[in-house]
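The values are calculated or read from the model by the stated rules, or taken from the named source; none is laboratory data. Source: prediction; values computed, not measured. Neighbour counts run over all protein chains shown; Cβ positions are idealised from the backbone, glycine included. Note: accessible area is taken over every heavy atom of the protein model, side chains too, but ligands, DNA and RNA are not part of it. Shrake-Rupley method; radii C 1.70, N 1.55, O 1.52, S 1.80 Å.
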Amino acid sequence: MKRIVLVDDMEIFNFIMVTSIKNVDPAFAVHDFTDPVMAFTALEELDPHVIFLDLNMPEMDGWAFLDRMQQKNLKHKVYILTSSTSELDRQRSSAYTNVARFLVKPVEEDLLEEILHENEDASGNSFQHI
Amino acid sequence: MRCRTMEAVAQSFQVNLKYLFNFHTFRASYNRGNLYLHLEVTAAGATITKQECSGYLCFEEDLLKHRVPKHWQNLAELALPLRYKLPEEEKAELWGWYIQNDESRDIIVSVLGGASKVFTRKDIAFLRLVAENLEAKLFELCLLQELDDKNSKLQAAFDKINEQNAVISSIMEYQQDVIIERTQEVASKNARLLEVSVLNAHTVREPLSRVLGLVNLLELREWPLNEIQESIMPRLKVSAQDLDEALKEVIEKSTADLIKLKA
């Protein structure tokens with residue numbers, strides 16, 4: 001089944017996302033982190049199909065998280081999930097090839113469902129990363 | 001003779017008048033409006049005085065009053081100025097005429113003669129001609145002088161206007177600079193205000209998006225009451241409080257920024 005990683009320093013956002021995702025399909029394996037450093041450490045082992053990443057976090061923000069992924073050549077698909085509607089942030093995020101979309105909180109249920117399903121490709125559940 | 005100044009006229013009279021008739025002192029007084037001119041020529045020199053008060057000698061007042069030609073042989077009774085005093089043997093004589101061409105112009109001509117400088121009646125026609133021509137010449141010079149004065153006053157006024165124009169131009173230039181500066185100031189203040197408002201919107205939007213997300217969850221499915229009370233309500237409360245805090249902070253900060261920008 002599809003593996004999903006949530007990175008947001010606010011527990012409430014993770015709670016909202018977990019609840020929403022489980023509502024789409026209770027079988028999704030969701031791993032939520034309020035500490036981006038721990039999330040990054042676990043990234044390779046979890047090998048998620050999708051990452052929902054917040055931008056505005058203390059210690060390590062979303063941009064630093066993306067930069068580290070680039071450095072380690074990790075190409076997991078990232079959805080930026082932020083309460084910022086800033087056009088500058090949106091433009092900046094487009095520079096990362098592994099960023100699929102820029103989402104503004106809260107994400108509507110329909111959109112979330114669409115995103116979760118669009119990652120089910122022809123090879124079924126095995127979503128391989130190079 | 002083309003004389004351009006009173007001095008030149010006086011000089012010319014001193015040189016030339018003696019060839020027309022004999023005299024010790026030739027004097028002509030003119031009045032036009034409030035302008036009085038007196039020409040006096042002797043062997044020693046010639047003077048022209050120009051003034052705004054009459055300055056007539058006593059016998060001239062007499063001529064002006066009676067308006068008839070006079071010939072004095074006893075000069076002691078006339079209270080003449082000292083320069084009219086001649087040696088006894090000269091047997092001084094004074095001739096005087098009043099000439100009026102029109103109401104506003106008076107001419108008084110007089111000649112002091114004596115044994116060595118005999119003035120005779122046949123000289124009167126010449127004297128009259130000289131006196132009348134002299135009048136025209138002297139007042140022409142007065143007008144020229146007045147014109148010169150007015151020209152130089154005009155030039156002064158013109159210079160003053162130019163000077164003030166330059167001052168006005170420099171003031172306008174300075175104001176232009178001030179306007180540009182103020183406009184830039186306003187533009188930068190506006191940019192700063194916009195920046196502040198964007199920043200504030202983000203601060204507020206974070207807890208608000210949590211509240212919205214939690215409310216969305218409630219609509220997602222049926223929730224047992226105890227789950228709402230345990231999972232949703234505490235998080236909604238915290239988020240609502242955070243939103244309140246954020247708003248308070250934004251209001252405080254915006255007010256401070258506004259005060260700072262107005263200063």
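Can you tell me how the range A:3-118 classifies by the Cα gyration tensor, rounded, prolate or oblate, using a/c under 1.5 as the rounded cut?
Working: a/c = 1.39, a/b = 1.18, b/c = 1.18.
Because its axes are fairly even, with a/c under 1.5, the range A:3-118 counts as rounded.
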**Asked** Roughly what % of Cα-Cα distances in the protein assembly as shown sit above 35 Å, to the whole percent?
**Response** 61 percent
**Fill in**
For chain B, the per residue accessible area (1.4 Å probe, Å²) is 64 Å²
**Message:** Which residue, A:7, B:127, A:49, has the largest displacement toward the positive end of the dipole of the protein assembly as shown when charges sit on each Cβ (Lys, Arg +1; Asp, Glu -1)?
**Reply:** B:127
**Per-peptide average of other Cβ atoms within 10 Å, ordering A:61-73, A:88-100, B:208-220, B:76-88 highest first** = B:208-220, A:61-73, A:88-100, B:76-88
**Request:** Can you tell me the relative contact order of the range B:106-259? Whole percent, Cα pairs under 8 Å, sequence separation 6 or more.
**Result:** 23 percent
**Asked** So if R0 is 45 Å, what FRET efficiency would residue B:155 and residue B:42 give, r being the distance between their Cβ atoms, rounded to the nearest 0.05?
**Response** 0.70
**Item:** Å² per residue, accessible surface of chain A at 1.4 Å
**Value:** 49 Å²
**Prompt:** Under DSSP H, which helices of chain A have Cα atoms covering 18 Å or more of the helix axis and a Kyte-Doolittle average no less than 0.5?
**Reply:** A:11-24
**Request:** Compute the distance in nm between two label points, each set 7 Å from the Cα along the Cα-to-Cβ direction, one at residue B:247 and one at residue B:12.
**Result:** 10.3 nm
**Complete:** For chain B, longest principal axis from Cα atoms; helix B:233-262 axis from its Cα atoms; angle between them, nearest 10 degrees, is 10 degrees
**Message:** Highest mean first, how do B:24-36, B:143-155 rank when packing is the count of other Cβ atoms within 10 Å averaged over residues?
**Reply:** B:24-36, B:143-155
**Prompt:** Taking N as the number of residues in the range B:169-262, what is its alpha-carbon radius of gyration divided by 2.2 N^0.38 Å?
**Reply:** 1.87
**Message:** Here is the link list: A:72/B:253; A:72/B:237; B:18/B:85; A:22/B:248; B:117/B:137; B:70/B:150. Which ones come out longer than 31 Å on Cα distance?
**Reply:** A:72/B:253; A:72/B:237; A:22/B:248; B:70/B:150
**Request:** Please determine, in degrees from 0 to 90 and to the nearest 10, the orientation of helix B:124-220 with respect to the longest principal axis defined by the Cα atoms of chain B, where the helix direction is its Cα long axis.
**Result:** 0 degrees
**Request:** Quick one: among B:228, B:124, B:108, which has the greatest mean-square fluctuation in a GNM of chain B with alpha-carbon springs under 10 angstrom?
**Result:** B:228
